[in-house]
Structure formats: C-alpha cells, structure tokens
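Inspection log for the structure reproduced underneath, given as structure tokens.
The values are calculated or read from the model by the stated rules, or taken from the named source; none is laboratory data. The shown structure was predicted, so the numbers you read here are calculated from the model rather than taken from an experiment. Here Cβ is always computed from backbone atoms with ideal geometry, including for glycine, and neighbour counts include all displayed protein chains. Please note that ligands, DNA and RNA were not included when accessible areas were found on the heavy atoms of the full protein model with its side chains. Shrake-Rupley method; radii C 1.70, N 1.55, O 1.52, S 1.80 Å.
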Amino acid sequence: MQIYSKTDIGLRRTSNQDAYRTGTLPGGAVWAVVCDGMGGVQGGSVASEIAVEVISDCIEASYHSGMKENSIRTLLQAALTTANIQVYDRAGKDPDLLGMGTTVVAVLVAGGVAHIAHAGDSRLYIARPDHLEQITKDHSMVQSMVEQGQLTPHEAQYHPRKNVITRALGVNETIEIDFNEYKLLAQDVMLLCTDGLTNYTTPQQMLEALFDGGLAGAPDRLIAAANSGGGGDNITVVLLAADAGTKFEAE
C-alpha cells in the first residue's frame, strides 16, 4: 500500500502537539497511528510522542503474518492500553505534566481489512472520489449531545465546546478503546487525521483536496484547506491507499 502523510503547526499555535507514525509489516500489512496531545504546550507534546512511540513499538514487535482478526484486535488493545499506562505514569512523576493526555486513532491493515482502534476525536475516514465516510465516532461532549438529540450534526460542527473530549489516553489509569473492522475495496483511501483538519474544513472540501490531483499531493492540499479555513489548530493527515491493481479478498 501507498502511505502519504504530513503534519503542520497551523496558523495560530506556537507548537505542534500532534504526533504520528506509519510503517509496513510482514505479508504486506501496513499500520498508522495519529495522536493529538493536550495538557499545555509541554504536556500535550510529551503525551502524544509517548503514545505514538509505545503503540508503534508494540505493533512492530507483536504482529506476524497471518494473524487472525481477534489476535489483531488483542494486539491493538494491548498497544493502546500500554500507551495509556505509560502516559499516565509519566504525568504522575512530573507536576508540570499532570493532567496531560492525548487522543489516538490507529489502524492496522491486513488481508484487505482495516482494523481500527481509537479514543478521543481524532478520526479515520474511508474516501472515494464521490464518497467520504467517517468510520470512527468522536468521544466528545458535542457528539454525546448529538446522540441525545440536543444538537444537530450541523450545530455540533460550530458549537463553542466542540473541542471538549470525553475520552483520552493517559488521563485515567484505565482507558476504554473503541474498535472497528472495515473490509476494504481496492479504490478505498483511508484518511487518519486530527481535529485541526476536521474543525476547519467541510467534508466536501476534504473530498476535493483528496482527489483534485494525485494522492501524493493530497496531504499538502488538505493542510492548505484547513489553514484557509482558519488554521486554528495543529493539522495532521495520514493517507493509506492500495497500489494500482491491488485485489483484496474483501471484494
């Protein structure tokens, strides 16, 4: 699979608290993880970097070709749980880092199936030229209000407290992780991103940025669109797309 990625500080922040990493695995599998830290300039950066490093190390050390779906879910559960413990313990040892945490969205693609784990409001989308589907569900105050019928999705997009999240790595001793499995078609493009993208662009703008040119330039176009929309936060995007001619068993 092809992997394209980029992170940007945005127009209003003085530091970048996002972190990400991608890689390949035996048997043609690939993985990616994106984190958005919180807890002050230092705390947010520390939390996201710890989480990305721990999750990456766990995936690379534990995955082997031919793993079953349940085993991959267990691997991701262990990786994110370990990261939660590491961030929480580090915060407890340094008063300057107390309360830090990070969102996380991670995916491991094997055998035509995307195995997705997340906590917080960083997202994973499946995109085609005429279709953009959000696979993850935000763990946020406004998402809860939408589900309870107190806000419409349009109202949630512009709510003043849309950045208040209800779940994040490292804030508590334990963490609840959400999982999704998605059977891919060969034309599917996976987009992992932080809310610096989704809060400053519309779905239509995201689609246009993705497919108005080659995918190699799409991260630059997505970041430019978010900055044109205000650039009020750090922006990170990772794209995973099948090589031309790839045939997935899922088809």
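Pairs linking a residue in the stretch 32-51 that is touching a residue at least 40 places away in the same chain (Cβ under 8 Å) to a residue that is among the charged types (D, E, K, R) and open to solvent by 40 Å² or more (accessible area, probe 1.4 Å), with Cβ atoms under 6 Å and 6 or more positions apart or on different chains, are Val33/Arg21. Among residues of the stretch 68-85 that are buried (at least 18 other Cβ atoms within 10 Å of the Cβ), those with a Cβ under 6 angstrom from a residue that is part of a helix (DSSP H, G or I), sequence gap 6+ or separate chain, pair up as Leu75/Ser62; Ala79/Ile55; Ala79/Cys58; Ala79/Ile59; Ala83/Ala51; Ala83/Val54; Ala83/Ile55. Step by step: first the residues of the stretch 197-237, then only those that are among the hydroxyl-bearing types (Ser, Thr, Tyr) and exposed (fewer than 15 other Cβ atoms within 10 Å of the Cβ), then the one that is farthest from Asn16 (Cα to Cα). Which residue is that? Only one residue tops the list, namely Thr202. Part of a helix (DSSP H, G or I) and either under 30 Å from Ala83 (Cα atoms) or open to solvent by less than 20 Å² (accessible area, probe 1.4 Å) (or both) - does that describe any residue in the stretch 166-183? No: the stretch 166-183 contains no residue that is part of a helix (DSSP H, G or I) and either under 30 Å from Ala83 (Cα atoms) or open to solvent by less than 20 Å² (accessible area, probe 1.4 Å) (or both). Of everything in the stretch 126-161 that is in a strand (DSSP E or B) and buried (at least 21 other Cβ atoms within 10 Å of the Cβ), the residue that is modelled with the lowest pLDDT is Ser140.
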